[in-house]
Structure formats: structure tokens, C-alpha cells
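Presented below is the structure to which this report refers.
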Amino acid sequence: MYGNAHNNSEGLICQHGPQECSLNKIINCAIDLNPGQNQWFPYLECVESNISKGVAAGKSCAEKLGISFAPIQECVNGPHGDELVVSAAKKTAALIPAHQYVPWVLVNGIPMGSSADSLPAIVCAAYTGKRPDICFKEPAATASKEKMS
């Protein structure tokens, strides 16, 4: 997680302030410590859904999901957390095409642009394995349009 952050002589500056920088570091550490997507994605989703709680969301989401927050906090407070942020910055800078805004969603290396709202449909179309039930549900926007007519 890096988004629209940038470095200057004062250090890392995040688009939405210091709290965003802290949350990005928490998420980067959680991903590093829980490398399986089944482990870190629910955590990411929880933190993003509770963003109004600020950095407290990191701890409360860990508790909710049965993840030990102590190693995440240790990472955040240590040099490894800074290394992860630098790594995220390099990955963001290396995107081709370059990210233009956040969220900058890629599926199989292709930016979704304004189609990011249709992410489940795009992922389902690109997925080659056994599709989950969500791939067979009618998109909410289509369902609501039909109900209005």
C-alpha cells in the first residue's frame, strides 16, 4: 500500500495525512507477516472498512480476525516497516501504465480505470478456475435498474 504518497526532505507525505501513512505501514506489515491472500485480504478489507477509527482499526481488526497484532506493531515500529513502505513505493513507481489515481486496480496487469466499480465482474471474467458463487449473481446496479422500471 502506497497510493499517492511521496517522499520529500521531511519524510513520507501521504495524500490524506499522517494517519494514512500509518495505516499503509500497518497494512504492508500485515501482508508481509501473513503472506497468504486468505489471511491478509480479510484484514485489509476490515481495516479499509473501519478507516474512520484510524490506526486503532489495525488492532481491532487483528483481534476480530484472530491475528496477533504484536508482530504487526513490532514491524510498524521497526526498520522492516520502513523497508516495506520503500518497496511499495518502488512497485507503485514501476507500474506500467503508471497509476493515475487511487485506487488503481489492475487485473492481470490491466488497469481497470473507471471500471473498478465492476471489479467482481471483471475478476470473474478473467478467472480461469472454478468460479465462486458471486460470479453467478446479477450485478447490484443492473438489479436496481430493473426494479426502477
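None of the figures in this text is laboratory data; all of them are computed from the coordinates on show. For clarity, every value in this text was computed on a predicted model and none was experimentally measured. Glycine gets a Cβ as well: all are built from the backbone with ideal geometry, and neighbour counts include every protein chain shown.
The table for this structure:
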quantity: Calculated from backbone phi, Karplus (6.51, -1.76, 1.60) coupling profile of the range 53-70 in Hz, x at Gly/Pro; calculated: 7, x, 5, 4, 4, x, 6, 5, 5, 4, 4, 4, 9, x, 9, 6, 7, 4
quantity: Label-point separation, residue 112 to residue 90 (7 Å along Cα→Cβ), nm; calculated: 2.8 nm
quantity: Coordinate range along principal axes, alpha carbons of the range 5-110, Å, largest first; calculated: 37, 35, 25
quantity: Inter-site label distance for residue 130 and residue 52 at 7 Å from Cα along Cβ, in nm; calculated: 3.9 nm
quantity: Mean Cβ count within 10 Å, highest first, over the residues of peptides 25-35, 51-61; calculated: 25-35, 51-61
